[in-house]
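Notes follow the structure.
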Amino acid sequence: MAKFKVLKVFRDIETKETYAIDQEIELTAKRAKEVVENLDDSFLEKVEVAKKK
């Protein structure tokens with residue numbers, strides 16, 4: 001799973017959950033791709049997680 005920052009309010013058609021601007025959510029790569037395909041790429045931004053040494 002990867003973390004994404006919500007850039008625009010949207011409602012997930014599978015979970016029925018509404019996501020707010022600046023909320024961080026975890027989605028699988030497949031689910032994130034579905035969101036981008038159904039809406040567009042202006043709704044989510046991938047959050048890079050710093051790796052521990």
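Output the 0 to 90 degree angle, nearest 10, between the alpha-carbon long axis of helix 29-38 and the longest principal axis computed from the alpha carbons of the chain.
40
Fully extended, how many nm does the chain gain between Glu48 and Gln23 (0.36 nm per residue separation, minus their Cα-Cα distance)? List each step's numbers first, then the result.
Numbers: separation 25, 0.36 × 25 = 9.00 nm, distance 1.46 nm.
So the chain would gain 7.5 nm between Glu48 and Gln23.
Hey, can you rank 31-38, 45-52 by average C-beta count inside 10 Å, highest first?
Details: 31-38: 14.5, 45-52: 8.4.
Answer by packing, highest mean first, reads 31-38, 45-52.
In a shell of Cβ-Cβ distance under 10 Å around Leu27, excluding Leu27 itself, what net charge do Lys and Arg (+1) and Asp and Glu (-1) give? Before the final figure, lay out the partial values.
On the way: positive: Lys3, Lys30, Arg31, Lys33, Lys46; negative: Asp12, Glu26, Glu34.
Net charge in that neighbourhood comes out at +2.
For the stretch 1-41, rounded, prolate or oblate, judged on the Cα gyration tensor with a ≥ b ≥ c (square roots of eigenvalues), a/c < 1.5 rounded, else prolate if a/b > b/c? Write out the running numbers ahead of the final one.
Numbers: a/c = 1.31, a/b = 1.11, b/c = 1.18.
Rounded, since a/c falls under 1.5.
Per residue, what accessible area does the chain have, given a 1.4 Å probe and all protein chains present, in Å²?
Details: 4290 Å² over 53 residues.
With the other protein chains kept in place, the chain gives 81 Å² per residue.
Which percent of the accessible heavy-atom area of the chain goes to carbon and sulfur, probe 1.4 angstrom? Please report the intermediate quantities before stating the final value.
Values: 2210 of 4290 Å².
Roughly 52 percent of what the probe reaches on the chain is carbon or sulfur.
Which value, in debye to the nearest 20, describes the size of the charge dipole of the chain about its Cα centre when Lys and Arg Cβ atoms bear +1, Asp and Glu Cβ atoms bear -1, and nothing else is charged?
Here the chain has a charge dipole of around 360 debye.
Within the chain, count lysine pairs with alpha carbon atoms under 19 angstrom apart where the residues are 8 or more positions apart or belong to different chains.
18
The values are calculated or read from the model by the stated rules, or taken from the named source; none is laboratory data. Because the structure is a prediction, the values reported are computed rather than measured. Methodologically, a virtual Cβ is constructed for each residue, glycine included, from the backbone with ideal geometry; neighbour enumeration extends over all protein chains shown. All accessible areas refer to the heavy atoms of the entire protein, side chains included, with ligands and DNA or RNA removed. Shrake-Rupley method; radii C 1.70, N 1.55, O 1.52, S 1.80 Å.
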